[in-house]
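K.L.:
Pasting in a structure now, in structure tokens, and then I'll have a few things to ask.
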Amino acid sequence: MSAPIVRSLSDLRGMVARWKQSGETVGVVPTMGALHQGHLSLVRAAKEGCDRVIVTIFINPKQFNNPEDYENYPRTEEDDARKLGPLDVDAVYVPDGPTMYPDGFATNVSVGGLTNVLCGAHRPGHFDGVATVVSKLFLQTQADRAYFGEKDFQQLQVVTRLAADLDIPIEVVGCPTIREEDGLAMSSRNLLLSDRARVWAPELNAAMEELAEGLLAGGDAVELRAQAVGRIERAGFTEVEYLDLRACDTLEELTSPTRPARLLAAAWLAGVRLIDNIAVG
Ligand code: AMP
């Protein structure tokens, strides 16, 4: 059986009000659809942590800095509802564009600092779009907890900051990245890879793991990084946008993993932008 779909904000608010009146806790899992096991792992975490679970599906135009990327983004609503069926979620909230951004919409939520680097530096406006839609989803669902994947590590830090700064009474819960057997981080964008590109794609994660090991062994960071970039490019990636070692909390750049650190990368493969990140140490 497919999960129950809710399209209007007033229906959503009515449901949530009834749950809250009965003292039930509410979890939300914001997504852009094209659901895979990574998304479903967040839903399972939400089911474990909350009495009621809302999955949201909204392909947010404001977070795409490239209109073509928005057009090409996979749209698989029926499949998504089917995949959510066995997980027994309480609502799949699928608002349309005007529900989220009615005529006259003029507000932009912008998180400073954390958004100036990595994906923020390469995708102008992206995190404003994320922060704006996530603020709306937090307020619309009135959820007690929100589940986000470490797959989008910078996004996880940004939404955590946002909830704290705006005093939104929601706990942001980070969940581990789910990978294919060959190490490729699951992503809706993997659907856009050709069969050939799909074979090369795991080299990004493999090169990152090798680089992390080298850094932990005390190797030369500049040399190791250059080797990793070479390995990624030899695998057919056309551009490594960034491959950085950064502090987990502030995302400031590190030369060695002297404190909790993360290796983060974005690279283009056959016209598809893939991102990944792993803990170092
Ligand atoms: P998206 O639909 O790509 O906007 O992702 C929705 C949520 O799922 C975000 O919190 C992502 O970080 C999370 N997510 C996406 N891919 C994965 C994955 N492979 N493992 C864990 N979480 C993921």
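Each value in this text was obtained by applying a stated rule to the coordinates, not by laboratory testing. Being a predicted model, the structure only gives us computed values, none of them experimental. Don't worry about glycine lacking a Cβ; one is built from the backbone with ideal geometry, like all the others, and counts go over all protein chains shown.
K.L.:
Counting only DSSP beta bridges with both residues in the stretch 137-263, what percent are antiparallel, rounded to the nearest 5?
P.N.:
Values: 5 of 10 bridges.
If I count the DSSP bridges inside the stretch 137-263, around 50 percent turn out antiparallel.
K.L.:
P(r) of the chain in 10 Å steps, Cα pairs, percent per bin?
P.N.:
Going from the shortest bin to the longest, the percentages are 6, 27, 35, 22, 8, 1.
K.L.:
I've got another one for you. Could you work out the relative contact order of the stretch 158-281? I mean the mean sequence separation of Cα pairs under 8 Å and 6+ apart, divided by the number of residues, in percent.
P.N.:
Working: 169 pairs, mean separation 26.0, N = 124.
RCO, the stretch 158-281: 21 percent.
K.L.:
On to the next question. Which value, in nm² and rounded to one decimal, describes the direction-averaged projected area of the C-alpha convex hull of the stretch 1-146? Display every interim value, and only then the final one.
P.N.:
Values: hull surface 37.5 nm².
Convex hull of Cα atoms, orientation-averaged projection: 9.4 nm².
K.L.:
With viscosity set to 1.002 mPa s and temperature to 20 °C, compute the Stokes-Einstein D of the stretch 51-129, Rh being the Kirkwood radius across alpha carbon pairs; µm²/s, no decimals. Working shown, then result.
P.N.:
Numbers: Rh = 14.9 Å.
D, rounded to a whole number, is 144 µm²/s.
K.L.:
What is the helix-to-structure angle for 126-141, meaning the angle in degrees between its Cα long axis and the longest Cα principal axis of the chain, kept from 0 to 90 and rounded to the nearest 10?
P.N.:
Value to nearest ten degrees: 30.
K.L.:
Further question on the same structure: Kirkwood-based Rg over Rh for the stretch 6-52 (C-alpha set), two decimals?
P.N.:
1.02
K.L.:
To continue, here is another question. Given all pairs of different Cα atoms, what value in angstroms does the Kirkwood hydrodynamic radius of the stretch 89-245 take? Present the calculation step by step, with values, prior to reporting the outcome.
P.N.:
Numbers: mean 1/r = 0.0550 Å⁻¹.
About 18.2 Å for the stretch 89-245.
K.L.:
Further question on the same structure: Test of understanding: what is the full-extension gain from Ala17 to Gln227, defined as 0.36 nm times their sequence separation minus their Cα-Cα distance? Present the calculation step by step, with values, prior to reporting the outcome.
P.N.:
On the way: separation 210, 0.36 × 210 = 75.60 nm, distance 5.50 nm.
Gain on extension, Ala17 to Gln227, equals 70.1 nm.
K.L.:
Taking the highest mean first, how do the peptides 220-233, 30-43 order by number of other beta carbon atoms within 10 angstrom per residue? Mind dumping the intermediate values first?
P.N.:
On the way: 220-233: 16.1, 30-43: 21.3.
Per-residue mean Cβ counts within 10 Å order the peptides as 30-43, 220-233.
K.L.:
Which whole-number percentage describes the relative contact order of the stretch 20-65, with Cα contacts under 8 Å and a sequence gap of 6 or more?
P.N.:
Details: 53 pairs, mean separation 22.8, N = 46.
Worked out over the stretch 20-65, it gives 50 percent.
K.L.:
Under a no-solvent Debye model with one identical scatterer per Cα of the stretch 168-213, what's log10 I(q)/I(0) at q = 0.13, 0.23, 0.32 Å⁻¹?
P.N.:
After summing over all Cα pairs, the log10 values are -0.41, -0.86, -1.21.
K.L.:
Still on this structure: In whole angstrom, how far apart do the alpha carbon centroids of the stretch 202-281 and the stretch 54-80 sit?
P.N.:
With the stretch 202-281 and the stretch 54-80 each reduced to a Cα centre, they are spaced 27 Å.
K.L.:
Output the Kirkwood hydrodynamic radius of the stretch 196-281, Cα pairs only, in Å rounded to one decimal. Write out the running numbers ahead of the final one.
P.N.:
Numbers: mean 1/r = 0.0780 Å⁻¹.
Evaluated on the stretch 196-281, it is 12.8 Å.
K.L.:
Along the charge dipole of the chain, Cβ charges K/R +1 and D/E -1, which of Leu263, Thr56, Leu243 sits furthest on the positive end?
P.N.:
Farthest along the dipole direction, towards plus: Thr56.
K.L.:
Assuming 0.36 nm per residue, please report the length gained on full extension of the stretch Gln37 to Glu210 beyond their Cα-Cα distance. Please list the in-between numbers first.
P.N.:
Numbers: separation 173, 0.36 × 173 = 62.28 nm, distance 2.53 nm.
Between Gln37 and Glu210, full extension yields 59.7 nm more.
K.L.:
Could you identify which residue out of Phe148, Phe105, Phe64 has the top mean-square fluctuation in a GNM of the chain using Cα springs shorter than 10 Å?
P.N.:
Of Phe148, Phe105, Phe64, the most mobile in the Gaussian network model is Phe105.
K.L.:
Extension gain Leu191-Arg234, at 0.36 nm per residue separation less the Cα-Cα distance, in nm?
P.N.:
Values: separation 43, 0.36 × 43 = 15.48 nm, distance 2.21 nm.
Stretched fully, the Leu191-Arg234 segment lengthens by 13.3 nm.
K.L.:
Please identify which residues in the stretch 64-79 have an amide N closer than 13 Å to a label point set 7 Å out from the Cα of Trp268, following the Cα→Cβ vector.
P.N.:
Backbone N within reach: 66, 69.
K.L.:
Taking the DSSP beta bridges in the chain as the whole, what percent of them are antiparallel, to the nearest 5? Display every interim value, and only then the final one.
P.N.:
Details: 20 of 38 bridges.
The antiparallel fraction comes to roughly 55 percent.
K.L.:
Enter the angle in degrees (range 0 to 90, nearest 10) between the Cα long axis of helix 37-49 and the first principal axis of the Cα atoms of the chain, meaning the one along which they spread out most.
P.N.:
Its long axis makes an angle of about 50 degrees.
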